[in-house]
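Right, one structure below, let's go through it.
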Amino acid sequence: MDLRRLSGGLLALLGLYGGAAAQPRAQQAISLSVDLTDAPRKIIHATETIPVAPGALTLVYPKWIPGEHGPTGPIDDMAGFIVTALGPDGKSCATDSDSTIHWQRDKLEMYAFHLTVPEGCATLTARIDFLATAAPMGFSAGASTSENLAMLSWNTVVVYPATMEPASLMVTPTVTMPSAWQYATALGPAAEAVDQLCQNPAPCPRNLSFPAVSLATLIDSPLLAGKYFKEIPLAPEITPKHFLDIAADGPEDLDLPPARVENFSRLVREAGALFGSRHYQQYRFLVTLSDSVAHFGLEHHESSDDRMPSRAFTDDTQFVLNGDLLPHEFTHSWNGKYRRPAGLGASDYQKPMEDDLLWVYEGLTQYLGDVLAARSGLWTPEQYRGMLALKAATLDNWPGRTWRDLQDTATMAQVLYETPDEGWDNWRRGTDFYREGELLWLDVDTSLRKLSGGKKSLQDFFVSFYGPAGVSAPSVRPYTFDDIVAALNAVAPNDWATFLRQRLDSTQPHAPLGGIENGGYKLSYVSQPNPWSEMVDQQTATVDLWFSIGLHVNSGGTLTDVLKGGVADKAGLAPEMRLVAVNGRSFTPALLREAVHDAEGDGPPIELIVENTDYYKVLRLDYHGGERYPVLDRDAGTPDRLDDILKPLAATR
Ligand SMILES: [Zn+2]
C-alpha cells in the first residue's frame with residue numbers, strides 16, 4: 001500500500017465533502033478536560049470544546065505519532081465519541097432535541113470524522129473515552145494505567161479540525177485526578193482546585209488547570225500521575241532544571257540508592273558536555289516503574305516517557321539491563337526532536353512519515369545513549385563492551401542482511417516495528433537500524449579519530465550539528481542525508497557519502513565491525529558467556545546457543561528462534577518446536593549446554609527428541625565446535641579509541 005496515495009485520497013475527499021468548510025475560530029483555544037479518576041479501572045474520560053463556524057467540518061484523531069515512526073494512534077481504543085453543538089448563547093442550536101451532531105467516518109481514512117455544523121452553532125463538545133485496556137506491550141498504545149498510576153498521552157484523548165496546524169492550534173488542558181495522586185509534566189505547574197462537586201467525606205479529586213499551549217506542545221508533553229510518586233532534582237547546579245519523576249507500583253520501588261541518583265545527575269552533565277547545547281527550558285524524565293504497563297521509552301523535547309519494570313531502579317541486574325533507556329531518550333531531545341529528518345519534520349499527525357533516515361534518528365541515538373550510559377557510570381566499560389560484543393556478534397550471524405540492507409530496515413520501519421523479534425526474525429530482519437546504526441556511528445567516530453590523528457571526533461560534529469551552543473527553547477531543525485555528509489566533511493574531509501552508502505546499501509553477510517577494530521578491539525569467541533550475556537539470559541530465562549548450534553531456547557524447552565543456515569536449522573529444527581529430551585534425558589537448559597560442550601572435538605553427536613505441533617521426532621546435531629560466546633578482545637596493535645570514547649567528559653564534581 002502506498003501511504004502517500006492514501007493521504008492524497010483523504011485530501012481529495014476532504015475537498016469533495018461539499019459546502020464551505022467550517023473553520024474553528026482561531027482566536028479561541030480548544031479546551032480539553034481529561035478525567036483520570038477512572039484510570040485505575042482502565043478508562044480515561046475526556047471532554048473537548050471546539051469553537052467552530054457553521055458548515056462542513058472534518059475532525060481527525062492523531063494517527064502518526066512522533067517518535068513511534070508509524071500510524072500507531074490507538075483509534076481502536078477510542079470509544080463513546082459523541083459530538084454535541086451549542087449556540088453562542090450556550091443554548092442548543094442543533095435540530096435534534098439533544099443537540100447531538102451525527103458524524104460519519106471517512107471510508108478510506110479511519111482517523112477522520114466528517115460532520116456538518118448547523119447554522120447558529122458556535123461550539124462543538126466532543127466526548128471521548130479512551131479504553132486503557134491494551135496489553136502491556138508495544139508503545140504508548142499499550143497498557144498505561146494501573147491501580148495506583150497513569151501515564152496520560154494526550155494524543156489518545158483528542159480530536160481536532162483537519163484543516164488546523166497542530167503547531168498553531170491552541171489548547172487549554174485541565175486534568176482531574178484522584179486526591180492522593182501526585183503528577184509531573186513538562187507543561188509546568190498547574191493552578192489547582194478541589195473538585196467543587198465532590199461530596200465530603202470522600203477524598204475529593206484534584207482539578208489541575210494548565211496554561212494554553214499548542215496542540216503540538218500538548219502532545220509532546222505527556223503527564224505522569226500516581227499515588228507512589230517521587231520527584232528528584234538532578235544535577236541541581238545546572239540550568240535549565242532537570243528532574244527524575246517516578247510513579248511506581250509500590251513505595252518500595254521508589255527507594256533508589258543515592259549512588260544511582262548520582263548516575264542520573266552525571267548523565268545530565270555528560271549530555272551537556274557532549275552537545276554543548278540544550279534545547280529545552282526544563283527536562284523531566286517521566287519514569288513509570290510498573291509491571292502492569294508496556295515497557296518502552298518515548299522521547300519528547302522537554303521530557304521522556306520511560307516505562308520499566310517495577311524493580312528497575314532497585315534490583316541490581318535490572319538497573320544495569322535498563323541502564324541505556326534514560327540516556328537514549330534524553331539524547332533524543334537533541335537527535336530526533338531538535339534535529340529531525342526532513343521526512344519526520346512536520347508536526348502533522350495525519351501525514352505519513354518517511355522513516356528512511358532512522359539510522360541517524362535512532363541509530364546515532366543508540367550509539368550515544370550507550371556511550372552516555374558508560375560515561376555516566378550506569379554501565380562499567382566492561383559491561384559496555386559485553387553489550388557491544390553481543391550485538392556485533394548477533395549482527396554478524398544474521399542472514400537476513402544478505403537480502404535486506406540496513407537502509408531497508410529504516411525505510412520499512414513503520415511495518416517492521418510491528419514484527420516479533422523471534423521466529424525466523426534473523427531471516428526477515430527487524431528494526432536493525434538501532435543496533436547496526438550503533439555499529440555504523442562507532443565506525444564514523446573512530447574513523448574521524450583515525451583520519452585526524454586523534455584531533456577530531458564525532459564530538460566536533462555534535463557541537464556544530466546540534467548547536468548553537470547554550471540554552472534555547474524547543475524548536476525543530478530538519479536535515480537531509482546531504483546535511484549529514486556536509487557536517488561530517490566540515491569536521492574531517494572524506495568521501496562520507498560513499499562511506500555511509502556502502503554500509504547502508506550492503507548485503508554482505510558480515511556486520512560492519514570497522515568501528516570495533518578501529519577502536520582497538522576484535523570480536524572473538526570463547527567457551528564461556530561474557531557476564532553481560534549471562535545477565536541477559538538470566539533476565540529473559542533463555543539459553544543463547546546462537547553462536548554454536550544456532551538457536552535460542554527458553555527454560556521450558558521451546559525454541560524462540562533458529563539461525564537460518566545454522567547447525568540446528570540444517571538438522572531440521574525450527575522456531576516454536578519444543579525440546580523434550582537431550583541425549584535421552586528430559587530437557588533442561590544445563591543439559592543442553594553440557595551436551596554441546598561434550599560434543600566438542602570427537603565427542604558424540606547431540607540427539608534431541610523434539611515436539612512440533614503435537615508430533616514427536618528424533619533429530620541429531622552433528623556439531624563438534626563446542627560452546628561459543630562473543631567477547632571483545634583488546635588488539636594491542638591499534639590505539640584504544642573505544643576506551644577513550646567511554647571516558648567521562650564532564651568535569652568531576
Ligand atoms: Zn529512540
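The values are calculated or read from the model by the stated rules, or taken from the named source; none is laboratory data. If you're wondering where the values come from, they're calculated on a predicted model, not measured in any experiment. Cβ sites come from the backbone with ideal geometry, for glycine too, and all protein chains shown count toward neighbours. Only protein heavy atoms, including side chains, enter the accessible area calculation; ligands, DNA and RNA are left aside. Shrake-Rupley method; radii C 1.70, N 1.55, O 1.52, S 1.80 Å.
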How compact and how long is the range 431-588, expressed as Rg and Dmax of its alpha-carbon atoms in Å?
21.7, 67
Computed over the range 116-217, Kirkwood Rh from alpha-carbon pairs, angstrom:
16.3 Å
Using θ = phi - 60° and the Karplus form 6.51 cos²θ - 1.76 cosθ + 1.60, what ³J(HN,Hα) does each residue of the range 116-124 get, whole Hz, x for Gly and Pro?
10, 7, x, 4, x, 9, 10, 9, 10
What are the residues whose amide H is under 5 Å from the amide H of Lys241, where those residues sit 5 or more places off or on another chain and H is modelled from the backbone?
Tyr283
D (µm²/s, integer) via Stokes-Einstein for the range 105-159, Kirkwood Rh across alpha-carbon pairs, 20 °C, 1.002 mPa s: value 151 µm²/s
Return one number: the angle in degrees, 0 to 90 and rounded to the nearest 10, between the long axis of the Cα atoms of helix 3-16 and the longest principal axis of the Cα atoms of the chain.
10 degrees
Cα axis of helix 258-275 to longest principal axis of the chain: angle in degrees, 0 to 90, nearest 10?
80 degrees
Dipole magnitude of the range 92-136, debye to nearest 20 (Cβ charges: Lys/Arg +1, Asp/Glu -1, about Cα centre):
120 debye
Pairs of alpha carbons in the range 52-112 whose separation is greater than 20 Å (percent):
42 percent
Radius, Kirkwood style, for the range 224-319 when every pair of distinct Cα atoms is counted (Å):
13.8 Å
Solvent-accessible area per residue, Å², over the range 523-605 with all protein chains present [probe radius 1.4 Å]:
44 Å²
Note on the chain, DSSP bridge orientation, antiparallel percent to nearest 5 equals 75 percent
Between the modelled labels at Ala212 and Val261 (7 Å from Cα along Cα→Cβ) the distance in nm is 3.9 nm
Stokes-Einstein D for the range 536-587 (10 °C, 1.306 mPa s, Kirkwood Rh from Cα pairs), in µm²/s, comes to 144 µm²/s
Helix 531-540 versus the longest principal axis of the chain: what angle, 0 to 90°, nearest 10, using Cα atoms?
50 degrees
Tell me, what is the per residue accessible area of the range 105-264 in Å², probe radius 1.4 Å?
40 Å²
Rg to Rh ratio, the chain, alpha-carbon atoms and Kirkwood radius?
1.00
Apportionment of accessible area to carbon and sulfur, the chain, percent (1.4 Å)
53 percent
With θ set to phi - 60°, apply the Karplus curve 6.51 cos²θ - 1.76 cosθ + 1.60 along the range 429-438 and write out the HN-Hα couplings as whole Hz, x wherever there is a Gly or Pro.
6, x, 7, 5, 5, 5, 6, 6, x, 4
Show the residues, 5+ positions off or on another chain, whose built amide H is closer than 5 Å to the amide H of Thr72.
Ile65
Work the Kirkwood hydrodynamic radius out for the range 498-653: mean of 1/r over every pair of different alpha-carbon atoms, inverted, in Å.
17.9 Å
The correct pair for the range 80-134, radius of gyration to one decimal and Dmax as a whole number, both in Å and from Cα atoms, is 13.0, 41
Once you place label points 7 Å from the Cα toward the Cβ at Gln281 and Thr638, how far apart are they in nm?
4.7 nm
Assign one of three labels to the range 164-301, namely rounded, prolate or oblate, based on the Cα gyration tensor with a ≥ b ≥ c the square roots of its eigenvalues; rounded applies when a/c is under 1.5, prolate when it is not and a/b is larger than b/c, and oblate otherwise.
oblate
What are the ³J(HN,Hα) couplings of the range 35-49, residue after residue, when phi is run through the Karplus curve with 6.51, -1.76, 1.60 and θ = phi - 60°? Round to Hz, x for glycine and proline.
10, 9, 5, 9, 4, x, 9, 6, 8, 10, 9, 9, 10, 10, 10
Peptide ranges 473-480, 428-435 listed from the most packed, as the mean C-beta count within 10 angstrom indicates
428-435, 473-480
Rounded to the nearest 500 deg cm²/dmol, what is the calculated helix-only ellipticity per residue at 222 nm for the chain, with -39500 (n - 2.57) per DSSP H run of length n ≥ 4?
-7500 deg cm²/dmol
Nearest-0.05 FRET efficiency for Gln199 and Lys241 at R0 = 45 Å, using Cβ-Cβ distance, is 0.70
Could you give the alpha-carbon Rg of the range 289-340 over 2.2 N^0.38 Å, rounded to two decimals?
1.20
Scan around Ala581 for amide H atoms under 5 Å from its own, H built in the peptide plane at 1.01 Å from N, and keep only partners 5 or more places away or cross-chain.
Phe587, Ile609
For the range 568-653, state which GluC sites (Glu not before Pro) are in a DSSP loop and have at most 15 other beta carbons lying within 10 Å of their beta carbon.
Glu576, Glu600
